[in-house]
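Everything on this sheet refers to the single structure shown next.
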Amino acid sequence: MNLQTDFYVIQLLKIEWLKIKNYSAFIVLGLFFLLGILGSNYAVFYLKKNIIDKADPTGMIASSSPYDFAHTWQTTSYVSGYLLLLPGLLLILLVTNEFAFRTHRQNILDGWNRKNVIDVKIAMALIAAVISTILVFITAIIFGFAAGSSFSVTHIDAVGYFFLKALSYNMIALLFAVLVRKTGFAIGLYFIYMGFENIVSGILQALSMKFKAEYGFDIGNMGDYLPMNASDGLLHFPENTITNLANNSKAMPHDYMYVSLVLALVYLFVFYAWSRNRILKTDL
C-alpha cells in the first residue's frame, strides 16, 4: 500500500475505535483475555513450584521450571493459546453488529467502499493478534524472571507461532462473521466448528497411529493438518519426562512441524481471500 492508502486505513481504524472503545463486550472480553493470560500461566507456575516440586523432590517429572527462560516462551505461548477464542469471539460480535445495525451500509453512504469495509476488519484482526502476542511476550518475560533464570531467547520462535495461531483464529472468526452475518448463529457455528474439528482431529490422529503401527507408514499426525489445528500443532509444552515418553513411543507419529507451518499459512490465506471476496462480491 502507498502512503495515502496507509493514512486512509489509519483514519478508518480511528473511526472503528470510536465505535468500540465504550462497547461493554469489548471491555469485558478484553479484561477476561488479559487476566486469563496472567491467571492461567500463574496457575501452571504455582502448580509446578508448590505441588509438583514438593511431590517430586528428585525432579524425575520435570527437573526445571517450565518458565525458565529456556522454556518460558514455549510454555506461555502454549498455555495462552487456549484463550484465543476470546479475541475471535469479540471479532464476531463487532463484525456481525455491523450487519445487524446496518452500520456498514451507512459507512458506504458516508463515502466508504466495499474494499474499505473489509480492509478495516482485516486490520482489526491483525491488530488483535499483535496485541495478543505482545501480552504473551511480556508475560513470558515476567514469569521467566519469576522463575529465577537468566534471560535467554531460546525457543522464542514459539511467540511467532503464537502470533500465527492468534491471526488464524481471528481470521476464521472474521470468515464466519461475514458468511453468516447473524451474531448468535455465527458464534454458535464458530464453537460448533471448533468442537467438530477437534473430534475429526482425534480420529485422524488415531488413523495416523494405526498407519504407523500396522504399515510402518509415518505421515505425521494428520489431525494437525486441519484448518485450526494446523496452527495449534506449532505450539507444544516444553519437553519433560512425560512428554518425552509420549514422543518416543513407537506408536506416536512424528510431528512434521514444517508441514503444519505451511498448511497454517495456506489456510490463513484462504480465510483472508474468502472473507474479502464475500464482502466484495455479495450484496451488503
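Residues that are without any contact (Cβ under 8 Å) to a residue 60 or more places away in the chain and out of contact with any Leu (no Cβ under 6 Å at 6 or more places or on another chain) within the range 80-106 comprise Tyr82, Leu83, Glu98, Phe101, Arg102, Gln106, listed in sequence order.
A quick yes/no check of all residues on (1) in contact with a Lys or Arg (Cβ under 6 Å, 6 or more places away or on another chain); (2) at pLDDT 90 or above:
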{"position": "Asp68", "(1), (2)": "no, yes"}
{"position": "Gly81", "(1), (2)": "yes, yes"}
{"position": "Leu86", "(1), (2)": "no, yes"}
{"position": "Leu90", "(1), (2)": "no, yes"}
{"position": "Leu93", "(1), (2)": "no, yes"}
{"position": "Phe101", "(1), (2)": "no, no"}
{"position": "His104", "(1), (2)": "no, no"}
{"position": "Ile122", "(1), (2)": "no, yes"}
{"position": "Ala129", "(1), (2)": "no, yes"}
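One residue stands out among those in the range 211-239 that are assigned to a helix (DSSP H, G or I) and under 13 Å from the mean Cα position of the chain (by Cα): the one that is surrounded by the fewest Cβ atoms within 10 Å (Cβ to Cβ), which is Pro227.
Counting the residues of the range 152-172 that are within 12 Å of Leu265 (Cα to Cα), out of contact with any Ser or Thr (no Cβ under 6 Å at 6 or more places or on another chain) and of a type in the set (A, V, I, L, M) gives 2.
Within the group Val130, Val153, which residue is part of a loop (DSSP other than H, G, I, E, B) and among the aliphatic types (A, V, I, L, M)? Full working, then the answer.
Working: Val130 fails: part of a loop (DSSP other than H, G, I, E, B).
It is Val153.
The values are calculated or read from the model by the stated rules, or taken from the named source; none is laboratory data. Only a predicted model underlies this, so the values are computations on that prediction, with no experimental measurement involved. Please note: Cβ atoms are built from the backbone with ideal geometry, for glycine as well, and neighbour counts cover all protein chains shown.
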